[in-house]
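Written below as structure tokens is the structure these notes are about.
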Amino acid sequence: MKTRILPLITGILFASGTTSAASLDVKVTNLTQGIYFTPLLVSAHTSDAMVFQAGEKASDALAAMAEGGSLTGLSDILTGINANTMENPAGGLLAPVTSTMTSLETDAGNDRLSIVAMMLPTNDGFVGLNSWPIPTTPGTYHIYLNAYDAGTEANNELVVEGSGAPGTPGIPASPGVAPGTQGMGVTEMEENTHVHIHRGNLGDDEITGGKSDLHNTVHRWLNPVAKVTVTVK
């Protein structure tokens, strides 16, 4: 089983050298009712690297993306290993039931595809595709993506102005339907501090007060939360 993840990569990675370059069209569709995706990161990289790994601790770069939508840390790491990366193909947030598309030219050896974006409104939830093997046969391929919890912040479900930086509790924004206010917080701690499948927002039906600032009729979801269509040319 692979155990190496991006924060452990500090030296030079050697690609297999046997995989040819590829030309891809990548379409991402938000399947949720009321959740927005922050700017997406779409990257082709070698099989030696992983943007995240379920069951492992999140890297600082992953935490920054999952808690505040920042792509800087992950992008810098991917650039350092000569990945082929596209940031923010939607030109901002990807709203529910909408799609965005980008093209990606991969170098030889960059035969794995990863995609991540924070989900809003959540504390540290993100949509993710991790190191998917890019087919060598031309054609169209469909992948359905789950929502993950970075395990770095308690899911208190409180919308707090100025949050979003790692270590600052709270949901940084709630696009779309306005959130409730003055929630007391769903929880102050989480037992699972590793990357794992997100339990989903709980929400409540209180406009003011209650446990959550989120709405149980808008901000809940079930997996999968996104569909990726990859066309290999």
Inside the range 102-111, can you point out the residues that are surrounded by 22 or more Cβ atoms within 10 Å (Cβ to Cβ) and closer than 23 Å to residue 69 by Cβ?
-> none
Can you give me the number of residues within the range 181-233 that are over 16 Å from the mean Cα position of the chain (by Cα) and aromatic (Phe, Trp, Tyr)?
-> 0
Provide a single number: the residues in the range 164-207 that are surrounded by 13 or more Cβ atoms within 10 Å (Cβ to Cβ), β-branched (Val, Ile, Thr) and closer than 23 Å to residue 65 by Cβ.
-> 6
Would you pick out the residues in the range 95-109 that are under 17 Å from residue 230 (Cβ atoms) and of a type outside the set (D, E, K, R)?
-> 99, 100, 101, 102, 103, 104, 106
Of all residues in the range 1-48, which are at pLDDT 85 or above, over 17 Å from residue 148 (Cα atoms), of a type in the set (Gly, Ala, Ser) and not in a strand (DSSP E or B)?
-> 21, 47
Kindly indicate the residue of the range 132-145 that is surrounded by fewer than 17 Cβ atoms within 10 Å (Cβ to Cβ) and in contact with a Pro (Cβ under 7 Å, 6 or more places away or on another chain) and also farthest from residue 212 (Cα to Cα) among those meeting that condition.
-> 141
Answer with yes or no whether residue 123 is modelled with pLDDT of 95 or more, part of a loop (DSSP other than H, G, I, E, B) and not hydroxyl-bearing (Ser, Thr, Tyr).
-> yes
Say whether the condition of being surrounded by 21 or more Cβ atoms within 10 Å (Cβ to Cβ), in a loop (DSSP other than H, G, I, E, B), under 15 Å from the mean Cα position of the chain (by Cα) and among the hydrophobic types (A, V, I, L, M, F, W, C) is met by at least one residue in the range 76-86.
-> no
List the number of the failed condition for residue 67; all other conditions in (1) crowded, with 20+ Cβ neighbours inside 10 Å; (2) touching a Gly at 6+ places or on another chain (Cβ under 7 Å); (3) part of a loop (DSSP other than H, G, I, E, B); (4) not polar (S, T, N, Q) hold.
-> (3)
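The values are calculated or read from the model by the stated rules, or taken from the named source; none is laboratory data. Because the structure is a prediction, the values reported are computed rather than measured. Heads up, the Cβs are rebuilt from the backbone with ideal geometry, glycines too, and the neighbour counts pull from every protein chain shown.
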